[in-house]
Structure formats: C-alpha cells, structure tokens
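Below: one structure, written as structure tokens.
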Amino acid sequence: MKALAQFLFEAGMLKKMKRTGYPFLGSGGESVADHCFRAALIGYMLALELEGVDEAKVALMLLHHDLAEARTGDLNYMNKRYCTPDEEKALEHATRELPPALAERVKELCGEFNAGQSMEAQLAQDADQLDLMVELKEQQDLGNPYAKHWLHYALKRLITEPGKNLAQAILTTDWTDWWFEKRDDLWVKNNNH
C-alpha cells in the first residue's frame, strides 16, 4: 500500500504542474491534471460514437497518458525542438514499486496511446487535441488573436471522423453558449411584479 500511496502523491503533482504552452499563446492556462480530466471525458464521448470501441479503455488511456510528466515536466512544442523527454524511463521509475500487474497496466495504456495504432488510441489522441482545442476556442472567443493559428494546427493533427466532427462543433460554438442564453427573462429583472 505504501507504493500505491507514493504513486498517488506523484500523480498529484499533475494537479500542480502547469501546461507550458500557454505563456507562448499569451493567455489561458491549466494544469496537466485539468487537461487529463477533460480529455478523458472527451475520449469517452468519442468512443461512444463508434461500435466495438472500448470506451473505458479510451478514458483510462487519457487518465494515464501524461503521468510521466510528473517526472519529465510538460514540454510544449517549442521545448520539444530542443529537449526529448524519456517518458518510458520516467514511467519505469514511477511504477517500479507498484504491484506488477498494476505497473504493467499503466505502461501498457501509455504505450498503446503513444503507438497510436488501435482505434482506442487514435480516439484518445484526438481527445488529447480536442481538449486543447476547447481551451483555444475559449481564448479566441475572449479575444486572443493567436488562438486561431493554434486551432488551425490542432485541427490538422486529428485522425478520426468523430474527432473531426467534434472539432467542427467546437469551432462553431461560443464558449459561453452552455450557460449564457441571452434571454431578457433571465437577465433583466422585471420590477413590476
């Protein structure tokens, strides 16, 4: 149980670790854990669009895909021009004290995600990009002129049809549409009653 507790403390670092691309964008921000949470939701929803896909596996891949970053840090596209993280070594070290079955499962999920060969992995990779796109669309709606350029390249990285379809919906939805209904009866108090 001590090894599990240590692993949980390590995973908790992702709640504190900021994603490093946002300073280059000039606005926005989130932790690695924030990203993994919504990406897992996105992956789960995408998997439900296709028959014969293991939606739980897609979500689990996304919950695990950035665990190595607790040791390597989050490297953005600029950083990756000059630095290559050894994620395999980081995962090996992170899981070496875990029960063997759990250690193998963690490494298996991350390996499958990175290989990108299975439909589950491709959906997970799309969800990884789609979470970024949701953040970028919010920043674009808030006036960041650079977000549209980042959205352009994120869109090109998508692989699956469900991923591409969701991307189009993201791009055409205002980030406030889920709550700001723009109705007088909700926003203007009638003093006559």
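Under the condition of being over 17 Å from Glu30 (Cα atoms) and of a type in the set (A, V, I, L, M, F, W, C), the residues counted in the range 69-85 number 2.
Residue pairs whose Cβ atoms lie under 7 Å apart, separated by 6 or more positions or on different chains, with the first residue in the range 1-18 and touching a residue at least 60 places away in the same chain (Cβ under 8 Å) and the second surrounded by fewer than 13 Cβ atoms within 10 Å (Cβ to Cβ), are Ala3/Glu97; Gln6/Glu97.
Each row is one residue, and each column tells you yes or no for (1) within 15 Å of Leu123 (Cβ to Cβ); (2) of a type in the set (A, V, I, L, M).
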| position | (1), (2) |
| --- | --- |
| Phe37 | no, no |
| Ala40 | yes, yes |
| Met45 | yes, yes |
| Leu48 | yes, yes |
| Gly52 | yes, no |
| Met61 | yes, yes |
| Lys80 | no, no |
| Cys83 | no, no |
| Asp86 | no, no |
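Filtering Glu181, Glu138 for residues that are acidic (Asp, Glu), out of contact with any helix residue (DSSP H, G or I) (no Cβ under 6 Å at 6 or more places or on another chain) and at pLDDT 95 or above leaves a single hit, Glu138. Quick one: would you say Phe24 is part of a helix (DSSP H, G or I), of a type outside the set (A, V, I, L, M), free of Cβ contacts under 8 Å to residues at least 12 places away in the same chain and surrounded by fewer than 19 Cβ atoms within 10 Å (Cβ to Cβ)? Against the criterion (part of a helix (DSSP H, G or I), of a type outside the set (A, V, I, L, M), free of Cβ contacts under 8 Å to residues at least 12 places away in the same chain and surrounded by fewer than 19 Cβ atoms within 10 Å (Cβ to Cβ)), Phe24 does not qualify. Kindly evaluate Leu142 against the criterion of being farther than 21 Å from Val32 by Cα, touching a Lys or Arg at 6+ places or on another chain (Cβ under 8 Å) and surrounded by 12 or more Cβ atoms within 10 Å (Cβ to Cβ). No, not satisfied. Filter the range 112-129 for residues that are aliphatic (A, V, I, L, M) and within 13 Å of Ala39 (Cα to Cα); which is surrounded by the fewest Cβ atoms within 10 Å (Cβ to Cβ)? Once the filter is applied, the top-ranked residue is Ala121.
Yes/no matrix, rows are residues, columns are (1) part of a loop (DSSP other than H, G, I, E, B); (2) touching a residue at least 12 places away in the same chain (Cβ under 8 Å):
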site	(1), (2)
Gly29	yes, no
Arg38	no, yes
Leu60	no, yes
Leu63	no, yes
Cys83	yes, no
Ala101	no, no
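Within the range 1-48, restricting attention to residues that are in contact with a strand residue (DSSP E or B) (Cβ under 7 Å, 6 or more places away or on another chain) and of a type in the set (A, V, I, L, M, F, W, C), the residue that is nearest to Lys107 (Cα to Cα) is Leu14. Taken over the range 153-180, the residue count meeting the criterion of being of a type in the set (Gly, Ala, Ser) and more than 13 Å from Leu132 (Cα to Cα) is 1.
Under the condition of being in a helix (DSSP H, G or I) and charged (D, E, K, R), the residues counted in the range 1-21 number 4.
The values are calculated or read from the model by the stated rules, or taken from the named source; none is laboratory data. Every value quoted in this text rests on a predicted model; they were computed, and no experiment measured them. Quick reminder, even Gly has a Cβ in these numbers, built from the backbone with ideal geometry, and neighbours come from all protein chains shown.
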